[in-house]
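The values are calculated or read from the model by the stated rules, or taken from the named source; none is laboratory data. Remember, predicted model here, so these are calculated numbers, not experimental data. Heads up, the Cβs are rebuilt from the backbone with ideal geometry, glycines too, and the neighbour counts pull from every protein chain shown. Heavy atoms of the whole protein, side chains included, go into the accessibility calculation; ligands, DNA and RNA do not. Shrake-Rupley method; radii C 1.70, N 1.55, O 1.52, S 1.80 Å.
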Amino acid sequence: MKVNAYGAYSGDRFLEPLQITRRDTGPDDVQISIDYCGVCHSDIHQVRAEWEGTQFPCVPGHEIVGRVSGVGTNVTKYQVGDLVGVGCIVDSCQHCDECDSDLENYCDNMVGTYNFPTQDEPGWTQGGYSQKIVVHERYVLRISHPEAQLPAVAPLLCAGITTYSPLRHWNVGPGKKVGIVGIGGLGHMGVKLAHAMGAHVVAFSTSESKRNTAKVLGADEVVVSTNADQMAAHAKTFDLIINTVAAPHNLDAYLTLLKRDGTLTLVGAPATPHPSPEVFNLIFKRRSITGSMIGGIKETQEMLDFCAEHDIVSDIELIRADEINTAYERLLKSDVKYRFVIDNSTLSATSLIQGKYL
Ligand code: NAP
Ligand code: ZN
C-alpha cells in the first residue's frame, strides 16, 4: 500500500512530500490510520544526519496517534476504530532478558519506528509523518484520553515516556526534590509528570520567557540556569535531576546541585559529547551520572493510563505537514511552547495539491 508522507532525501535538504510503501497487514499486525504525529528533537538529529547512520529517504516521527483501520487474524487486543498510539519502538527480538523484563527499549535488536533495519520496503523503517503505519500488536498502545485531546496525547508517546521512566526508576514522589533541565518538549512533560507524582519540582531554563509558563506546567520553582546566584541557592539539595538539553554543556553546574547519593540522568542526546565532568563533584557526595532511553511498552501503557487518570497532556502547537521545515527552525531556537504536532490529515493528496506541494 502506498501512502503519502513527508521526509528528506538527504541530510542537507528540506523535508518534502513523498510516497512510501506500507506492508500488508500480517496476522499479528495492526494497521493504523495516523491522525497526528508529534515533532521530537530526535527527528531533527536523525533527518539532518547529526547522529550516525541515517538512511535516506528518511521519514521521521515516533509520536503517533490515530485509529485502527485494520487488524490481522491473530490480533486480540484491538478492533477497527480503536484510538491507539505508537511510540519509538515497532519491534524487538521478543526473547532476550530485556524483552522478557518488559524493557524492549534496551533490547539489542530493538527496531525503532524510523531509520532501523526491517524486512519491509525500502529496508529501513519509516515513521509517523505519514498517513498510515502497520505495526505488530505488541508495540501498539491503547489511548483512553477523550478523543478531543488526541493531538495533545501524541507527544506522550516519546516526550512523556522518556521523562516518566526515569522519574519512576528513581522513585520520585512526595518528599523528593527533582530538577528538570531544558523546558522543551521532553522537559515540559517532565515538569508535569514529576508534579503529578507529588515531588517538589524545579525547572531549569535558559529562557527567562519560560519562567511564568513553567510554573503553570507545575514547577514549584524556576531557575534561569545562566544566573550563577540562582543556581548556587540550590547547591547540594536535589535527589534527582533529569537533563533534556540537546546541546553539549557543562554538567558540573548540575552535579553540584545534587545532595549525597543524588542522580543526574541524561536523556538529551547531543550530536557531540558534553565536556567531561569534574571527578571530585562525583566522589565527594557519591553522586551518579546516568542515562535513560524512552521506556518499555508496558511502562509506556502505564504512563498513558497515568496521564489519562491525572488529565495530563502535552502543550502543543498544531501544524500542517507543509509547515514542518519552519517548525524545525523554530524548535532549534527553543521557540515552541512546548511541542509541535502535525495534523496528518494535511498529508492527503487534496491538501498537498491545495498547498501547491505536488
Ligand atoms: P527541545 O524541545 O528542543 O528541548 C530541549 C530544550 O533544551 C530547549 O527547549 C531548551 O530549553 C534547552 N536547550 C536547547 N539548547 C540549549 C543549549 N545550547 N544550552 C542549554 N539549554 C538548551 O528538544 P526535545 O524534543 O525535548 O529533545 C531533547 C533531547 O532529548 C534531544 O537531544 C533528543 O534527541 C533527546 N531525546 C532523547 C530520548 C531518550 O530516550 N533519551 C528521547 C527523546 C528525545 P530552555 O529554553 O528551557 O533552556
Ligand atoms: Zn522522540
*Among the aspartates and glutamates, which have Cα under 19 Å from the Cα of K337 when same-chain residues fewer than 8 positions away are ignored?*
D43, E63, E208, D220, E221, D311, D315, E317, E323, E329
*1.4 Å probe accessible area per residue over the chain, in Å²*: 42
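With the full set of protein chains in place, find how many percent of the accessible area of the chain is carbon and sulfur; take the probe as 1.4 Å. Could the numbers behind the result be given before it?
Details: 7530 of 15090 Å².
Heavy-atom surface of the chain belonging to carbon and sulfur, 1.4 Å probe: 50 percent.
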*What's the center-to-center distance, using Cα atoms, between segment 240-267 and segment 17-91 in Å?*
32
_Fully extended contour minus Cα-Cα distance, from E16 to Q94, at 0.36 nm per residue_ = 24.6 nm
_Quick check on the chain: helices-only [θ] at 222 nm, where DSSP H runs of length 4 and up contribute -39,500 (n - 2.57) each and the sum goes over total residues. Nearest 500, please._
-6000 deg cm²/dmol
*Given H placed on each backbone N at 1.01 Å, which residues far from I319 in sequence or on other chains put an amide H within less than 5 Å of it?*
V341, I342, D343
*asked:* Within 10 Å of each candidate Cβ there may be at most 16 other Cβ atoms; applying that plus a DSSP loop requirement, which chymotrypsin sites (Phe, Trp or Tyr not before Pro) in segment 231-297 survive?
replied: F284
*Using alpha carbons only, what's the Rg to Rh ratio of segment 159-291 with Rh from Kirkwood?*
0.92
*asked:* Over 19 Å between Cα atoms: which of K192/K236; K210/K236; K2/K298; K132/K333; K236/K333; K177/K285 fall into that group?
replied: K192/K236; K210/K236; K2/K298; K132/K333; K236/K333
*Could you tell me the accessible area of F14 in Å² (1.4 Å probe, neighbours in place), rounded to the nearest ten?*
140
*Mind checking segment 35-138 for GluC sites (Glu not before Pro) that DSSP puts in a loop (not H, G, I, E or B) and that have at most 14 other Cβ atoms within 10 Å?*
E52
*Quick one: if the Förster radius is 30 Å, what FRET efficiency do N325 and Q119 give, using the C-beta to C-beta distance and rounding to 0.05?*
0.45
*Range of Cα positions in the chain per principal axis (Å), largest first*: 58, 44, 37
*If one computes P(r) from the Cα atoms of segment 228-355, what percent of pairs lie at distances over 26 Å?*
46
*Search the structure for amide H atoms under 5 Å from the amide H of I89, placed 1.01 Å from N in the peptide plane, and list their residues when 5 or more places away or on another chain.*
T113
